[in-house]
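These notes are about the structure you will find just below.
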Amino acid sequence: MSTIKIAVVLSVFSVLAGGLSTGHALVYAQGASVSIVPNASTMGDKAYSPNPAEVKAGESVTWTNGDSQIHTATSGAVGAEDSGKVFDSGILSPKATFDFKFDQAGEYDYYCTLHPQMVGKVSVS
């Protein structure tokens with residue numbers, strides 16, 4: 001292997017190792033984590049925490065089902081024509097996660113299709 005190739009490989013490893021040692025390996029965008037709380041089906045607008053979730057355009061929200069029941073995170077409102085058009089997690093089993101990247105600023109309402117009283121909002125600036 002040539003000296004240049006070795007130098008390039010060592011440089012790449014150095015950058016990766018530096019990122020790993022700080023605990024921020026190759027993380028370019030922040031985001032928000034939303035938990036589906038225990039007993040969420042009875043919690044209304046407290047079923048998703050935090051609510052609203054706040055991110056900047058280009059960042060992602062990760063929903064984690066912390067309940068013992070299955071749930072969804074589906075954009076829109078119950079019965080609305082555009083329900084699920086922006087994002088739809090599908091069925092989230094307990095401990096399952098769903099990520100969605102928000103590219104445009106705005107307010108995004110969402111709900112659980114299985115428990116429509118569970119409602120949340122993502123605010124994107």
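The values are calculated or read from the model by the stated rules, or taken from the named source; none is laboratory data. All values derive from a computational prediction rather than experimental measurement. So basically every Cβ, Gly included, is an ideal-geometry build from the backbone, and we count neighbours across all protein chains shown. We work out accessible area using only protein heavy atoms, side chains counted, and drop any ligands, DNA or RNA first. Shrake-Rupley method; radii C 1.70, N 1.55, O 1.52, S 1.80 Å.
Checking residue 78 against (1) out of contact with any strand residue (DSSP E or B) (no Cβ under 9 Å at 6 or more places or on another chain); (2) modelled with pLDDT under 95, which single condition isn't satisfied?
(1)
Within the stretch 73-84, restricting attention to residues that are farther than 16 Å from residue 49 by Cβ and open to solvent by less than 40 Å² (accessible area, probe 1.4 Å), which residue is farthest from the chain's Cα centre (by Cα)? Walk me through it before giving the result.
Taking the stretch 73-84 and keeping what is farther than 16 Å from residue 49 by Cβ, we get 74-84.
Filter once more, keeping what is open to solvent by less than 40 Å² (accessible area, probe 1.4 Å): 74-76, 80, 83-84.
Values: 74: 12, 75: 13, 76: 16, 80: 23, 83: 18, 84: 15 Å.
That would be 80.
Considering only residues that are buried (at least 22 other Cβ atoms within 10 Å of the Cβ) and not β-branched (Val, Ile, Thr), which ones fall in the stretch 32-66?
Within the stretch 32-66, 40, 47, 48, 53, 63, 65 qualify.
Taking the stretch 101-124 as the region of interest, how many residues are surrounded by fewer than 18 Cβ atoms within 10 Å (Cβ to Cβ) and either free of Cβ contacts under 8 Å to residues at least 24 places away in the same chain or assigned to a strand (DSSP E or B) (or both)?
6
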